[in-house]
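Here the structure comes first, spelled out in structure tokens, and everything after it is commentary.
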Amino acid sequence: MDIAVLVKQSLDVQELRVDQDTGKIYIEDAPTKAGDIELNATEEAVRLKEKLGDKAIAVMLSTWGASGKRQKEAREALTRVLAMGLDGAVLIMGEGAEKGDTYVIARALAEEIRGKFELVLAAEGSEDNFSGLLPARLAAELGWPYVAYATAIEVEGDHVKVTRSLEDFEEVVRVKLPAVISVTQEINKPRVPKLVEIVKAKKKPLDQKDFSPPDEPKLAIKTLKVPKVERKQIVIEGDVEEVAEKLVQALREEGVL
Amino acid sequence: MADFDVIVVGAGPAGSVASYLLAKEGHTVLTVERGKRPGAKNMFGGRLYSWSLEKVFPEFWKEAPVEREVTKEVLGFLHGDRGLEIRLSARPRGRSFTLLRAKFDQWLAEKAEDAGAEVISGFKVEGPLIRDGRVVGIVAEGDEEMEAEVVIAADGALSFMAEKAGLRPRLSKEDFAVGAKEVIELPKETIEDRFGLSGDEGAAQLYVGDLTEGVVGGGFIYTNKESVSVGVVMRIGSLASKVSKISTAMWEITEKFKSHPLIRRYLEGGKLAEYSAHIIPETQFMRGVRLYTDGMVVVGDAAGFCVNYGVTVRGMDFAIESARAAAEAVHQALESGDTSAKSLSRYQEILSSGMLREFEAARKAVDLMEDERLYTSIPKIAVESLEHLFSVDGRPRESLYSFVRKEFSEEGISLLSALLLGWKALRSM
Amino acid sequence: MRVLAFSHYVDLALELISAGKGLGEVSLIVTSDQEGRIGEIRGADEILLCKELDSGDQEGLVELISGLGSEYDVVLLAGDRRGRELVGQVAHRIGASSAVDVSSLSAEDGKLVIERMTFGGKAVAVEELNLPAVISVQKGKFKPLEEGEPSVREISAPSIDRRIEVLERKEKPKVGVPLDKAEIVVAVGRGFKKKEDLKLAYELAEVLGGVVGATRPLAADLKWMEEEVWIGISGVRIAPKLLIVVGASGQQQFAAGIMDSKVVVAVNTDPKAPIFEQADYGVVMDLYEFLPVLTKKLRELKGG
């Protein structure tokens with residue numbers, strides 16, 4: 001049973017700069033990376049394949065164009081997951097890909113996955129957008145069952161047993177393969193690759209394919225706004241007693257005590 | 001057989017230049033950087049004297065992400081809310097550039113990568129791998145061993161590589177200074193206006209005075225393209241012992257510096273883009289450093305090739321030159337199949353016939369800068385004397401000479417020691 | 001516009017009706033397990049009662065909603081985990097556009113214009129969706145309507161080839177007042193050196209009558225606390241009237257989760273910690289030194 005892991009080239013939101021005053025968002029300057037939860041998905045794929053002796057491949061579709069910088073970053077992100085033990089990677093990227101919405105991307109990914117894999121693992125949400133739409137759409141495109149929020153996965157023949165975490169309860173479901181499953185961060189602790197594995201990962205097969213979204217997107221981002229959070233930002237100074245006293249006073253005046 | 005011909009620890013300017021030169025010679029090179037990416041951790045070194053990098057990449061400034069070429073040098077004295085600036089407008093021999101390390105280091109690392117070096121970031125190296133008293137590789141995090149014919153330690157001021165290989169003594173906090181730096185964004189035109197620059201011209205401005213409250217140190221401003229780097233450098237030994245307290249103190253002093261009337265006008269309306277506090281090596285420990293051993297050489301800050309003038313730090317040009325010398329020696333050692341200490345001693349020979357002389361001269365200047373009076377009495381006297389000279393209020397005025405003499409005696413500096421200070425200053429230049 | 005709505009939670013369904021009424025006529029799907037609460041439903045034009053389907057059957061829901069969805073312009077689902085799970089599947093099945101965790105929506109020129117948080121809370125995306133559109137609506141953004149009794153129409157569930165079988169369902173232990181409904185929250189971060197020290201935060205929360213939440217490292221990585229109290233964009237988003245953040249630096253993940261708080265107090269030793277920019281009142285001090293004193297002062301105050 002071969003496994004595909006969806007890895008998104010996400011903006012590193014921690015390093016994304018926004019200007020509260022002008023509302024400018026410096027997307028071009030921000031680096032990209034594989035999302036943290038995608039490392040969990042990768043870890044799970046590697047554990048499963050180690051047990052079952054099959055192949056596990058990373059599939060990345062980049063939506064940040066195809067500049068030299070973004071290409072390099074995409075390859076670095078893939079090196080990171082390959083070093084964890086995946087066998088190879090497919091990188092789909094091209095100019096104009098940033099126009100692709102989840103509908104188009106799901107269709108492009110399905111092309112890569114149909115007939116080659118029986119299990120697709122993804123993160124419950126990507127690092128930068130956290131919508132979780134893509135794995136769900138991919139499942140629908142492939143006509144496969146979809147289970148999200150997995151905290152444990154066990155393969156039982158042509159089925160997988162998935163434990164998933166919902167708001168008020170935990171559910172154990174049995175899913176017929178092929179299937180798409182998205183995982184949460186609780187599922188495992190991603191291994192930290194060794195240096196030698198990173199060196200080797202750079203030599204693993206990486207198949208790069210060109211992508212340009214064919215249709216008119218169903219969704220158009222009109223604008224990106226910077227949310228204005230007005231905070232007073234008053235630093236209370238003095239010794240411990242004074243500060244505590246002043247803070248209590250301020251909170252009473254705010255009417256929140 | 002070893003995994004690599006060369007493993008370079010650290011992808012700062014020294015590490016990347018050594019990696020580049022050796023990869024270009026056809027050696028297999030692995031470069032391991034601890035930061036998320038090259039330059040990510042190197043906030044300091046906002047000014048590069050170009051002489052050494054020019055030997056590796058002639059006219060590199062045409063291609064590298066440098067900010068501005070320094071053509072204006074300012075020395076300032078601050079006392080209270082008063083201040084005095086001495087401005088030199090000239091293009092001294094030898095170019096120098098302001099730059100932002102995050103961009104610049106990445107550019108250099110890419111050069112190494114393009115030449116064939118494997119550059120891996122976000123990975124910690126614990127120390128050298130030593131067998132039978134010889135360095136044969138590195139021990140990476142998680143006790144992973146990786147072998148190389150030669151290891152180049154370019155792991156910066158705190159170099160555990162050099163320390164663990166027994167090439168330098170364990171350092172105490174007195175061996176370091178701390179620096180705090182902010183990058184403040186301003187429109188290009190505003191920068192050119194306020195600093196009197198045009199085109200790609202840049203300014204480097206250094207300040208001493210009572211802002212550091214008697215501690216050896218001072219403030220600086222460097223102009224970048226669309227931002228200025230502003231900050232302070234101070235001796236660590238003179239500051240409180242707790243690190244959290246130091247960072248608070250650094251922050252407060254930086255704020256004080258920035259709000260001085262003379263400094264404030266340069267920064268007004270600017271937007272804070274980043275802040276960082278950092279450890280900077282002092283020159284003293286150079287005295288206890290050995291540069292090579294069997295299978296390993298030490299370059300850049302790790303070898304102490306860094307001069308702290310009190311108010312500013314010069315290190316990148318020495319780091320690059322040391323890396324170039326090291327690469328040459330390592331290349332010859334690899335070619336001859338002998339990577340023993342004896343063979344690698346060529347590194348020191350190359351340095352002795354060139355850079356070390358310049359480095360020693362630079363260090364002499366530091367001896368002068370260590371005089372604490374430079375940070376207390378001298379700025380006060382300079383500011384007050386000129387203030388006296390320009391004060392006109394209709395009352396009879398003391399002569400400048402007698403005013404200055406009085407100032408010196410108030411500060412407890414005899415005319416003789418003032419002369420000595422001047423003499424030392426002249427000699428060191 | 002014709003709007004179809006469904007949520008696993010009747011309370012959230014009421015919010016969806018309210019959101020949908022701003023666009024047009026709203027039909028709400030009610031499953032067999034929700035039938036008993038039909039009397040509480042106000043504001044919808046029509047209830048589509050499906051007695052053959054339980055809300056625990058995600059596969060059946062995808063089929064049902066996708067089947068009905070093509071007759072509607074907009075399908076509204078809720079922002080809980082199972083609601084979000086449906087969005088992409090239903091949208092793709094009916095060839096619709098989609099968005100999740102939408103905080104505002106309006107119809108413009110035959111399109112649905114929505115706002116949602118993105119980039120870990122650093123930006124709000126204003127998106128224009130072609131119709132039909134399937135979206136999930138952020139919790140707590142729309143007030144349930146009080147007027148309007150809906151008509152009820154029974155519908156049947158399509159038969160499907162089932163591939164997912166629920167083997168077991170285990171209730172999670174309830175954690176007192178849920179974080180997203182708490183009026184006062186004390187949020188703890190890595191500034192606490194060990195688990196036992198959290199006592200300081202619990203004592204403060206107790207005297208304030210609040211609850212304790214945590215940053216991701218404490219809940220997910222260190223496992224010092226339940227996953228349910230993890231505040232952040234992928235955890236719980238909170239909106240208390242008073243939030244006291246102790247020993248947390250203010251990472252983006254977390255910052256996005258506290259944005260709706262009314263008054264924010266931050267306690268941290270690092271004056272440059274980003275949390276101070278997100279706070280109304282900042283205390284640059286060691287929490288071990290400050291919390292006991294603050295708790296004592298508040299106790300005196302409350303004690304009379």
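Every number in this text was worked out from the coordinates using simple rules, so none of it is lab data. Computed from a prediction, not measured in an experiment: that's the story for all the values here. Neighbour counts are summed over all protein chains in view; Cβ atoms, including those assigned to glycine, are modelled from backbone coordinates with ideal geometry.
Here is how the numbers come out for the structure above:
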read-out	value
Where a label projected 7 Å from the Cα of B:Lys55 along Cα→Cβ would reach, residues of segment B:301-342 with amide N under 13 Å	B:317-329
A:Lys99 versus A:Ser67: modelled label distance in nm, points set 7 Å from Cα along the beta carbon direction	1.9
GluC sites (Glu not before Pro) lying in DSSP loop within segment C:207-300, provided at most 16 other Cβ fall within 10 Å	C:Glu226
Radius of gyration and Dmax over the Cα atoms of chain B, both given in Å	22.9, 87
Descending principal axes extents, segment C:2-154, alpha-carbon based, whole Å	41, 32, 28
Amide H contacts of B:Val136 (H built 1.01 Å from N, under 5 Å, at least 5 apart or other chain)	B:Leu129, B:Ile130, B:Arg131
Fewest-first ranking of B:Ser50, A:Ser182, using other Cβ atoms within 10 Å as the exposure measure	B:Ser50, A:Ser182
Principal axis box of segment C:148-247, alpha-carbon based, largest edge first, Å	56, 39, 22
Full-extension gain in nm, C:Glu196 to C:Glu52, via 0.36 nm per residue minus C-alpha separation	46.8 nm
Sequence ranges A:95-108, A:222-235, ranked by mean other-Cβ count within 10 angstrom, highest first	A:95-108, A:222-235
FRET efficiency, C:Trp224 to A:Thr223 (Cβ-Cβ, R0 56 Å, nearest 0.05)	0.90
Within segment C:47-61: backbone nitrogen closer than 12 Å to the A:Phe169 label point (7 Å, Cα to C-beta)	C:55-57
Mean Cα-pair separation over length for segment C:201-304, i.e. relative contact order, pairs under 8 Å, 6 or more apart, %	22
Stretch gain in nm, segment C:Asp11-C:Lys143, where the contour uses 0.36 nm per residue and the Cα spacing is subtracted	46.5 nm
Euclidean distance between Cα centres, segment A:33-93 to segment B:11-87, Å	34
Residues C:Lys262, C:Lys181, sorted so that the one with the fewest Cβ neighbours within 10 Å comes first	C:Lys181, C:Lys262
Rounded to 10°, Cα long-axis angle of helix C:58-69 versus longest principal axis of chain C	60
Cut-off under 5 Å, modelled amide H: who pairs with C:Ala279 long-range	A:Gln233
For segment C:1-86, the Rg and Dmax computed from alpha carbons only, in angstrom	11.5, 30
Residues B:Met250, B:Met234, C:Met285, A:Met1, sorted so that the one with the fewest Cβ neighbours within 10 Å comes first	A:Met1, C:Met285, B:Met250, B:Met234
Amide H contacts of A:Lys209 (H built 1.01 Å from N, under 5 Å, at least 5 apart or other chain)	A:Leu91, A:Ile92, A:Met93
Distance between segment A:186-239 and segment C:239-304 - C-alpha centres, whole angstrom	28
Modelled FRET efficiency - R0 60 Å, B:Glu213 with C:Ser151, Cβ distances, 0.05 increments	0.15
Shape metrics for the protein assembly as shown, restricted to C-alpha atoms - Rg then Dmax, Å	32.1, 108
Pairwise label distance in nanometres, B:Arg264 with C:Ser159, each label 7 Å out on the Cα-Cβ vector	8.3
Rel. contact order, % - alpha carbon contacts under 8 angstrom, at least six apart, chain B	19
Theoretical FRET efficiency, 1/(1+(r/R0)^6), r = Cβ-Cβ of C:Lys241 and C:Glu71, R0 45 Å, to 0.05	0.55
Qualifying chymotrypsin sites (Phe, Trp or Tyr not before Pro) for segment B:154-199 [loop in DSSP, other Cβ within 10 Å: at most 12]	none
Inter-probe distance in nm under a simple model that places probes 7 Å from Cα toward Cβ, at A:Lys116 and B:Glu358	5.3
³J(HN,Hα) computed for each position of segment B:188-200 - Karplus, 6.51 cos²θ - 1.76 cosθ + 1.60, integer Hz, glycine/proline x	3, 5, 4, 4, 4, 5, 5, 9, x, 10, 9, x, 9
Environment charge at A:Asp239 (Cβ cut-off 14 Å; Lys +1, Arg +1, Asp -1, Glu -1)	-4
